[in-house]
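Below you'll find the structure, written out as structure tokens, and then a few comments.
The values are calculated or read from the model by the stated rules, or taken from the named source; none is laboratory data. These figures come from a predicted structure and were not determined experimentally. Backbone-built Cβ (ideal geometry, glycine too); neighbour counts: all protein chains shown. Surface accessibility is based on the protein's heavy atoms, side chains included, excluding ligands, DNA and RNA. Shrake-Rupley method; radii C 1.70, N 1.55, O 1.52, S 1.80 Å.
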There are 2 protein chains.
Amino acid sequence: MIQYRCPLRDFEFALYEVLGYEQHLATLQGPVTPERADARAILEAAAAFAEKRLVPINQSGDAEGCRLLDDHVQTPAGFREAYAQYRDGGWTGLSRAPEWGGSGLPASLGVAVTEVFATANWSWSMYPGLASGAMDTLEAFGTAAQQARYLPPLVSGQWTATMCLTEPQCGSDLAQVRMQATPDPAGHYRLNGSKIFITAGDHDLAENIVHIVLARLPDGPAGTRGLSLFVVPKHLPNVDGSLGRRNGVRCGGLEEKMGLKASATCTLHFDDAEAELLGEPHRGLECMFVFMNAARIGAGQQGVVHAELGYQNALAYTHERLAMRAPGGNSGPAPIILHADVRRMLLLQRAIAEGGRLLVLEAACLLDTAAFGRDEARGTAARDRLAFLTPIIKGFLTELGIEAADLALQCLGGHGYIREWGLEQNLRDARIATIYEGTTGIQALDLLGRKVVRDGAQAVQREAQTIAGSCERAGRHPQLADAARTLRDELFRWVAMSESLVSDAGDDPLVVPAAATDYLMYSGYLLLGHGWLRAADAAAGAIAAGCGDVHHESKLATATFYFARIFPRVVALREMIGAGPEALVAAADPALRPAEREPSGPPIAAMSRA
Amino acid sequence: MIQYRCPLRDFEFALYEVLGYEQHLATLQGPVTPERADARAILEAAAAFAEKRLVPINQSGDAEGCRLLDDHVQTPAGFREAYAQYRDGGWTGLSRAPEWGGSGLPASLGVAVTEVFATANWSWSMYPGLASGAMDTLEAFGTAAQQARYLPPLVSGQWTATMCLTEPQCGSDLAQVRMQATPDPAGHYRLNGSKIFITAGDHDLAENIVHIVLARLPDGPAGTRGLSLFVVPKHLPNVDGSLGRRNGVRCGGLEEKMGLKASATCTLHFDDAEAELLGEPHRGLECMFVFMNAARIGAGQQGVVHAELGYQNALAYTHERLAMRAPGGNSGPAPIILHADVRRMLLLQRAIAEGGRLLVLEAACLLDTAAFGRDEARGTAARDRLAFLTPIIKGFLTELGIEAADLALQCLGGHGYIREWGLEQNLRDARIATIYEGTTGIQALDLLGRKVVRDGAQAVQREAQTIAGSCERAGRHPQLADAARTLRDELFRWVAMSESLVSDAGDDPLVVPAAATDYLMYSGYLLLGHGWLRAADAAAGAIAAGCGDVHHESKLATATFYFARIFPRVVALREMIGAGPEALVAAADPALRPAEREPSGPPIAAMSRA
């Protein structure tokens, strides 16, 4: 059976000992800023709910899955009850404005709490999770009437919401969206068409579902600039807020997926569905992208989630399971955690889970500042930094989260491969993370193309300065001098590599796409290294001040491991990037022809440099 | 729907253009050695059966799974019929001695043919696959009476067989086996106890199943030296060969696994089961290990299988799916194969599938020579080389096979995550490969501990000489000079690293376990580089001779890709190995304590260097 204990100590360490959360909160104007004891109490309450209510329905939800009944989707046993308790506990409005019934706490605390629920049961957490982006969009672009109509029941959790983008012919490339929106005589719009892969597109947890839908107006230009956003409630609300008649949107099918089986992934058919325009016509994609950073950081958090869950369970197993003599041990079989390779796998998982948590919480603090910074300069700086960090956090942490989940399974040997222990499910659930909310390849193009090349590597240089400062501070602790030097030396190479990509990209349009994914991973290992160095610095400081504990010692040990056994991956990535696009171009024609089919001709020819 | 076309051209390229298969066969004494046209005809027949009969029941088998009925296991629809046709086609005896009804062809051809069936349907192929090791064991250690009783029905496929090793408390560490074997008054033995994870432990494809079981005699010493092998047929055969009464062995449960759902993984309960001793008492493990190389190469082949299947399907999809403008292309959405990162993922899969195939077929030729080499020196050399290569082929190719299957899924984006396309199943099926038949960690200890350190790195030096010869030959083609130099330079570092590990291992028992897995991967990238350099050499030679084709051009392109974008991983691995065991030891106490549990104390303390 899968187990989960909320790592409260590590949340506190990350927030208060590394990120200076109290000072951070003092810079915000707007949100309710909790005292440390209050934040702790909120995390403890989340932990209690997650451990007692969400963990027990994690594996059963996977086994049972969702069912499409005549007119709605049925979630697995216990999901409704857990949602009702969650909603009644006020969790849906934790970091929403009091104006709409929320508690007004900062986004950062919301992100921390989300990790707890999500680790306990990722599939379940997607039902309330999807409403977040919809509420952001309504808050920013809704009319006063739309906000009054939709925000209170969404903030209270009485209703949930979806984001409807993907269609059968397009996912990453939304320029190909075909969903039609036609004005009707009553001043509304009518939507016709189908959307696929809609998370929480239908379910039985809430009485109503508000769909935010990307569609094309009749006079919209082709491509992404012709797309508009619409609000399409499952049940049309009456003027008094009560539920009116059923709208023309229905779930036509559920995907059979590798994992996330308890999360309903729906095909939605819109059949003359009554819709309201949200925001300005033809600017739908821009509206959606305003909240892309928050959504992608939420998706990046999934890497932390599956690394943490896998690690905790693998750790427990490897303490119990006996096999072979330990090096230097006596003759009997030893707990397998004593075997070096098992330790290597566990430390890798821990480095990803805890290091990733720090990066996600740091980004969450930037979300706070971007929205509620006391001064404009600080807000702008936060938004710029966030824009740079987001694709790395999403792309890199999800890749490493899958690696961690995979190693957790491996730690259990054959038992990892069977359902009972929950670690094969953890890997299956994790596997989607590098795909949705923009694949790793898409994140990589966003990072290298827009956030580095188009930016002239200015954001890289600013980030490098920040990291260099951490290296200098950490280097004062003698036991961290090596790690600080390793990171600082690599920093120079990273900046140089970034600048040379900026300059090469002008000459050759293949430079960016050929290097992008390796560059994203390279940047990720640097950022994670920054996280581990700061964690070690904080730990060394605490120990030097005489208030060190076992968590501090473990931070030092894990940081040592990170720089010795994970960070060297940057060297390989640098070489691969340095190889340039030649190898991909050389292989253009012959190597990628489908076996024993006629040569495809034109499309392949287009790859060569004309 | 999953598709598969047998890569006949690549089999011929690997066997005849790279490995010199005709010359190899001429060195054998014993097996029937096929002409090239005959070998081709056999592969074509295997392809026809695999494509028409096994592919269509691959996804349906996964969806349906196996069922445990009252007294036997029911396989998914179509499995029985396909097995009957396979058996009637004589495939079970392809490389078995004519003495027992086989066709007497060399093991190497059997390995090639196995890849074809296994790629079409890995789960199905495990039912006949498991009999192979059992037949090897009976041929080598059975009495004449046992051979006459069991080999003919196994070779004809009328019966199948299993290998029963694992018990609930032990997998890798067979010293902990508890299954009891007690002599009975009739001169037989009685087995009592349970085995788990028994592939094809029960099913409805054949009328009888012969279990080869590891158990402990009453007078056996503790540990692995007290284990003996036993033959336990499901139905006891009568003197005339007909089936007699049911023996005391029954399937008590089927594992619910991540993948391989159509393959029955059984718990077997032995309840006073009548057994015959196989081979000498207390030497059971030695007997099993005689065939470990063959079994592990078969398991390593699974990496090739899932890389090939994923690659073929991802390739087809990426030619059809349209998204975004291609670099240098016109404005409309392009087939995604034109995007550099998609090409990178596809070339990686291809490099693993085709490069891995070459390594497996080379090892298979060594199996031939080990068993049927014309002179003893050649046989000994083949056995020694095989012993060295086997853990690398098993450990490295299965790790890379999973990576390839993972990237194939990624090429399809969201569609990769849903059942319909078969690529999530391919990853689920692939995932077991680094676990069974010895985990990667176990292979790594075998390689670095036994085959390098205990050997004084002699095998490494011999292998390096062979590779150096290939570098010299390939370097004569100007377009391969860079790749040849890259590989040769790395070769020196590999030998130096190996020798330094040999010398350090004497001083510190943690050196080998801390470095083993990274060393195995390092060695794997070298061997795969050797494969790609030889493939490119053969291709360049054919092109220079005026008989080049598109397959040759693709070999050159894929080799270029391999050295530019995969091979640099060796640099990172070298750094990680060079970091030594310090980081794992430093983390010994604090970092691996289970969260919020009492410290475990003694076991962790045993890890530190006392």
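Listed values, structure above:
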{"read-out": "Hey, B:Ser132 open to solvent by 20 Å² or more (accessible area, probe 1.4 Å), modelled with pLDDT under 95 and of a type outside the set (A, V, I, L, M) or not", "value": "yes"}
{"read-out": "Filter pass, B:Ala536 being assigned to a helix (DSSP H, G or I) and surrounded by 20 or more Cβ atoms within 10 Å (Cβ to Cβ)", "value": "yes"}
{"read-out": "Qualifying residue in region A:532-551 (condition: in contact (Cβ under 8 Å) with a residue 12 or more places away in the chain, more than 8 Å from chain B (Cβ to nearest Cβ) and either in contact with a strand residue (DSSP E or B) (Cβ under 9 Å, 6 or more places away or on another chain) or of a type in the set (Lys, Arg) (or both))", "value": "yes"}
{"read-out": "Matching entry among B:Phe197, B:Phe270, B:Phe289, B:Phe230 (being touching a helix residue (DSSP H, G or I) at 6+ places or on another chain (Cβ under 9 Å) and either under 24 Å from B:Gln147 (Cα atoms) or acidic (Asp, Glu) (or both))", "value": "B:Phe230"}
{"read-out": "B:Asp204 away from every other protein chain (no Cβ under 14 Å), in contact with a His (Cβ under 7 Å, 6 or more places away or on another chain) and open to solvent by 10 Å² or more (accessible area, probe 1.4 Å)", "value": "yes"}
{"read-out": "Among residues of region A:68-83, those that are free of Cβ contacts under 8 Å to residues at least 60 places away in the same chain and open to solvent by 10 Å² or more (accessible area, probe 1.4 Å), counted", "value": "5"}
{"read-out": "Count of region A:99-128 residues which are among the polar types (S, T, N, Q), in a helix (DSSP H, G or I) and either within 21 Å of A:Asp204 (Cα to Cα) or in the same structural domain as A:Leu427 (by TED's automatic domain parsing) (or both)", "value": "2"}
{"read-out": "Test for B:Ala112: is it of a type in the set (A, V, I, L, M, F, W, C) and farther than 23 Å from B:Asn293 by Cα", "value": "no"}
{"read-out": "Some residue of region B:500-508 being open to solvent by 40 Å² or more (accessible area, probe 1.4 Å) and modelled with pLDDT under 95", "value": "yes"}
{"read-out": "Positions within region B:276-316 being open to solvent by less than 20 Å² (accessible area, probe 1.4 Å), within 14 Å of another protein chain (Cβ to nearest Cβ) and of a type outside the set (A, V, I, L, M, F, W, C), in sequence order", "value": "B:Gln302, B:Glu308, B:Gly310, B:Tyr311, B:Asn313"}
{"read-out": "Criterion violated by A:Arg53 - all others in (1) open to solvent by 60 Å² or more (accessible area, probe 1.4 Å); (2) farther than 27 Å from A:Lys257 by Cβ; (3) charged (D, E, K, R) satisfied", "value": "(2)"}
{"read-out": "Selection status of B:Arg225, at pLDDT 95 or above and out of contact with any Phe, Trp or Tyr (no Cβ under 9 Å at 6 or more places or on another chain)", "value": "no"}
{"read-out": "Helices (runs of 4 or more DSSP H) contained in region A:555-610 and holding at least 3 residues at pLDDT 95 or above", "value": "A:569-578"}
{"read-out": "Residue list for region B:25-43, restricted to those being acidic (Asp, Glu) and either over 24 Å from B:Leu366 (Cα atoms) or in a loop (DSSP other than H, G, I, E, B) (or both)", "value": "B:Glu35"}
{"read-out": "Filtered residues of region A:56-112 (kept if in contact with a strand residue (DSSP E or B) (Cβ under 9 Å, 6 or more places away or on another chain) and of a type in the set (Asp, Glu))", "value": "A:Asp71"}
{"read-out": "Residue in region A:246-255 that is within 14 Å of chain B (Cβ to nearest Cβ), outside any loop (DSSP other than H, G, I, E, B), under 24 Å from A:Gly78 (Cα atoms) and modelled with pLDDT of 95 or more present", "value": "yes"}
{"read-out": "Pairs where the first residue, in region B:332-352, is without any contact (Cβ under 8 Å) to a residue 24 or more places away in the chain and under 16 Å from A:Glu582 (Cβ atoms) and the second is buried (at least 24 other Cβ atoms within 10 Å of the Cβ) and of a type outside the set (A, V, I, L, M), C-beta under 7 Å, 6+ apart", "value": "B:Ala340/A:Pro513; B:Asp341/A:Gly441; B:Asp341/A:Pro513; B:Asp341/A:Thr517"}
{"read-out": "Which listed residue is at the interface with chain B (Cβ under 9 Å from one of its Cβ atoms), surrounded by 24 or more Cβ atoms within 10 Å (Cβ to Cβ) and either within 29 Å of B:Leu346 (Cβ to Cβ) or not charged (D, E, K, R) (or both), from A:Ala559, A:Ala516", "value": "A:Ala516"}
{"read-out": "Residue identified as surrounded by fewer than 22 Cβ atoms within 10 Å (Cβ to Cβ) and part of a helix (DSSP H, G or I) among B:Ala408, B:Ala371", "value": "B:Ala371"}
{"read-out": "Options B:Asp446, B:Asp455, B:Asp482: the member that is surrounded by fewer than 22 Cβ atoms within 10 Å (Cβ to Cβ), at pLDDT 95 or above and assigned to a helix (DSSP H, G or I)", "value": "B:Asp482"}
{"read-out": "Answer residue from region B:178-200, given it is within 14 Å of chain A (Cβ to nearest Cβ) and surrounded by 24 or more Cβ atoms within 10 Å (Cβ to Cβ) and is farthest from the chain's Cα centre (by Cα) among those", "value": "B:Lys195"}
{"read-out": "Test: residue in region A:87-104 that is surrounded by fewer than 20 Cβ atoms within 10 Å (Cβ to Cβ), more than 30 Å from A:Ala377 (Cα to Cα) and acidic (Asp, Glu)", "value": "yes"}
{"read-out": "Residue within region B:12-23 that is outside any helix (DSSP H, G or I) and not charged (D, E, K, R) present", "value": "yes"}
{"read-out": "Options A:Ala326, A:Ala307; residue that is of a type outside the set (Val, Ile, Thr), part of a loop (DSSP other than H, G, I, E, B) and farther than 16 Å from A:Ile198 by Cα", "value": "A:Ala326"}
{"read-out": "Residue among B:Arg383, B:Arg357, B:Arg321, B:Arg343 that alone is within 14 Å of chain A (Cβ to nearest Cβ) and open to solvent by 10 Å² or more (accessible area, probe 1.4 Å)", "value": "B:Arg321"}
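The rows are residues; the columns are (1) more than 8 Å from every other protein chain (Cβ to nearest Cβ); (2) surrounded by 24 or more Cβ atoms within 10 Å (Cβ to Cβ); (3) not charged (D, E, K, R).
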| residue | (1), (2), (3) |
| --- | --- |
| A:Pro391 | yes, yes, yes |
| A:Lys394 | yes, yes, no |
| A:Leu400 | yes, yes, yes |
| A:Ala404 | yes, yes, yes |
| A:Gly416 | no, yes, yes |
| A:Gly422 | yes, yes, yes |
| A:Asp429 | yes, yes, no |
| A:Thr434 | no, yes, yes |
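This table checks each residue for (1) of a type in the set (Lys, Arg); (2) modelled with pLDDT under 95; (3) closer than 19 Å to B:Ala118 by Cα.
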{"position": "B:Cys6", "(1), (2), (3)": "no, no, yes"}
{"position": "B:Leu28", "(1), (2), (3)": "no, no, no"}
{"position": "B:Asp38", "(1), (2), (3)": "no, no, no"}
{"position": "B:Ala46", "(1), (2), (3)": "no, no, yes"}
{"position": "B:Asp70", "(1), (2), (3)": "no, yes, no"}
{"position": "B:Gly78", "(1), (2), (3)": "no, no, yes"}
{"position": "B:Asp88", "(1), (2), (3)": "no, no, yes"}
{"position": "B:Trp91", "(1), (2), (3)": "no, no, yes"}
{"position": "B:Leu94", "(1), (2), (3)": "no, no, yes"}
